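The values are calculated or read from the model by the stated rules, or taken from the named source; none is laboratory data. Model, not experiment: these values are computed from the prediction. Neighbour counts run over all protein chains shown; Cβ positions are idealised from the backbone, glycine included. What goes into the accessible areas is simple: the full protein's heavy atoms, side chains included, and nothing from ligands, DNA or RNA. Shrake-Rupley method; radii C 1.70, N 1.55, O 1.52, S 1.80 Å.
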Amino acid sequence: MLKKIGILFLIVLCSLLVACGGTNEVVDEGNVLITFSDVKITELDAENARVTPDENLHDAAKDLLFQEMMLVEAEKAGITYEEFDLDALVNQTKQMFEYDEEAIAFLTAKSELYTISPEEYIDTIWKDGLKKKLIGNKYLMEQIDFAQKDEAEVAIEIEQIRNELLKKYDDQIKYHF
């Protein structure tokens, strides 16, 4: 179990470190990019989810859509997260924020999107995102045998899952771009 938590944290950490660039793009928090069931994915959500500064907002919104579809599937399957795991990831983020210049820059930029302090961002928006990632990753672990596949095979299987969910929920998805 600790190995799986470590792998999940590594995924989150890599996303954090890769995403350290800022953006000059004006973000409209009310502009809805995708509607899925009763979930609205806005430009602000997409900007917050961007992994790299040059990632397209529409691609980031599509990644959020995939995450939301996985959450629905995970709920149906009874997949949840451990509060201990979430708290550990939040605490590790707070520790990184104390000394890691890239983490400080990243979290400060993300918190500025919401006009809140980095500490508030970590305790609210970041924590919620980590919770969703924990659930989504557990869902993927139920679907894919990560130990038996290389990175390319995993990527192919994740894309297959994404496509299957897009087909399954096609009637509940509306793109606004």
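Can you run down the residue pairs with Cβ atoms below 8 Å, 6 or more apart or on separate chains, where the first is in the stretch 120-132 and surrounded by fewer than 17 Cβ atoms within 10 Å (Cβ to Cβ) and the partner is of a type outside the set (Ser, Thr, Tyr) and modelled with pLDDT under 95?
none
I'd like to verify a number: residues in the stretch 134-177 that are assigned to a helix (DSSP H, G or I) and either over 22 Å from Gly78 (Cβ atoms) or among the β-branched types (Val, Ile, Thr) (or both), how many? Lay out the reasoning, then the answer.
Kept after step one, since they are assigned to a helix (DSSP H, G or I), are these residues of the stretch 134-177: 134-143, 146-148, 151-168, 170-172.
Add one more test, that the residue is either over 22 Å from Gly78 (Cβ atoms) or among the β-branched types (Val, Ile, Thr) (or both), and what stays is 135, 147-148, 151-156, 158-161, 163, 166-167, 170-171.
Within the stretch 134-177, residues that are assigned to a helix (DSSP H, G or I) and either over 22 Å from Gly78 (Cβ atoms) or among the β-branched types (Val, Ile, Thr) (or both) number 18.
Among the numbered conditions (1) modelled with pLDDT of 95 or more; (2) over 17 Å from Gly136 (Cβ atoms); (3) open to solvent by 50 Å² or more (accessible area, probe 1.4 Å); (4) of a type in the set (Asp, Glu), tell me where Asp100 comes up short.
(3)
For Thr52, work out the one condition from (1) open to solvent by less than 70 Å² (accessible area, probe 1.4 Å); (2) in a loop (DSSP other than H, G, I, E, B); (3) modelled with pLDDT of 95 or more; (4) of a type in the set (Ser, Thr, Tyr) it doesn't fulfil.
(3) is the only condition that Thr52 fails.
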